[in-house]
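Undergrad: Attaching a single structure in structure tokens format; questions to follow.
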Amino acid sequence: MAAAELIRVEIACPDGADYRIDRFDALVCGDEATPKPAPDLYLLACRQLGVEPGRSLAFEDSPTGVTAAK
């Protein structure tokens, strides 16, 4: 499981307690790739997980994120 976020989780949640970073196999942040709506964050997350993008599933909460996930 991966998270693709605009900002680093360490900045948004310094203690990581609310985010449960330890539950993710990969964490990709906006400064590592072109931000959404470009698909780059998702493609990088898939690469880190060793998963083909066509065999992945994205959960999003914004139209921009949905566009990136397609």
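Throughout, read-outs are computed from the coordinates displayed, never taken from laboratory work. Treat the numbers as computed from the prediction; the structure is a model and nothing was measured. Using ideal geometry, Cβ is built from the backbone for each residue, glycine included, and neighbour counts are taken over all protein chains shown.
Undergrad: Give me the extension gain from residue 61 to residue 49: residue separation times 0.36 nm, minus the current Cα-Cα distance, reported in nm with one decimal. Could the numbers behind the result be given before it?
TA: Numbers: separation 12, 0.36 × 12 = 4.32 nm, distance 2.19 nm.
Full extension of this stretch gives 2.1 nm more.
Undergrad: Which peptide among 38-46, 62-70, 24-32 comes first, and what is the full order, when sorted by highest mean count of other Cβ atoms within 10 Å? Walk me through the numbers before you get to the answer.
TA: Values: 38-46: 19.4, 62-70: 14.2, 24-32: 15.8.
Those peptides, ordered most packed to least, come out 38-46, 24-32, 62-70.
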